[in-house]
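The values are calculated or read from the model by the stated rules, or taken from the named source; none is laboratory data. Bear in mind that the values here come from a model prediction, so they are computed numbers and not experimental data. Ligands, DNA and RNA are excluded from the accessible area calculation, which covers all protein heavy atoms including side chains. Shrake-Rupley method; radii C 1.70, N 1.55, O 1.52, S 1.80 Å.
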Amino acid sequence: MSLKSTLKSRAAVPAPSGNSGSDFQKLHDDFVAYLYADHGTFYNENVKKLEDGTGSKREMFAYGLIALNCVYMILGSWAEFMCNLIGVAYPAYVSVKAIRTVGTDDDTVWLMYWTVFGAFSIIDFFAMAIMSYFPIYWVAKAAFLLYLYLPQTHGSHVIYHSIIDPLVAHMEKSLSGKLPPKQVGSVGPPPPVAAAPALDENNNVMKPPQ
C-alpha cells in the first residue's frame, strides 16, 4: 500500500460521532446482540441449557467471565500474556483479512492501530514498577487495547491523529529543520483530520451503496 493511497483513504472516510457515551452504549448493545446471535448448534443448545438450569441470562455469565479475567490479570502470573493476547490475536487476524482485500481503507485502519499499539507498548518496560503503585495495570491496558480497535470506539484513529502523527511531525521538523512535505496540489491550511471508516460487524470497511 502506497503513501498516496493511504492519504486518499484518510480523506474519504466519515467523521466519528465524538460522543463517547453513545459509543460505549452501542458497544454494550452490540455485545449483548452478539451473545444472542446464532453461533451454531453447540453454542445455542448449551447456552440455552445453562440459562434454563440457572435462571440467569447469558450476558450475566459473560460479565462473570470478564470479571474473572480481570481478577486474573491483577493476580495471575500470565497477566501480561493474557493482556497482549487481547491486543494481538484478533487485530492480527483482521489485519490479514485487510491485506487480502483490494481496497486500502481497511489497511489504513489497522496500520494506525499497530502504530499506536507499538508506541504504547514501550510503557510495558516499566510495567513492574508501575504495578507496585497501580496493580490493575494489565487490566487497564487490556481495556485500552479494546478501545483502540473496536469499531464502536475507533480509539486508535483518535490517538494516532491527536498524539502520534503530531509527535512524528515535530520530530521530523527537529531533525530536518522542516515539516514533512505536503501533498502535491495542496494549498492553504492543512485539511481537517480524516475520520475513521465505517466498519461492519466483521471489522471490514463498509462500501458505500451503489
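Descriptive notes on the structure:
- Separation between Cα centres of segment 57-105 and segment 118-137, rounded to whole Å: 18
- Percent carbon-and-sulfur accessible area, segment 44-132, ignoring ligands, DNA and RNA, probe 1.4 Å: 73
- Heavy-atom accessible surface of segment 72-183, averaged per residue, reaches 59 Å², computed with a 1.4 Å probe.
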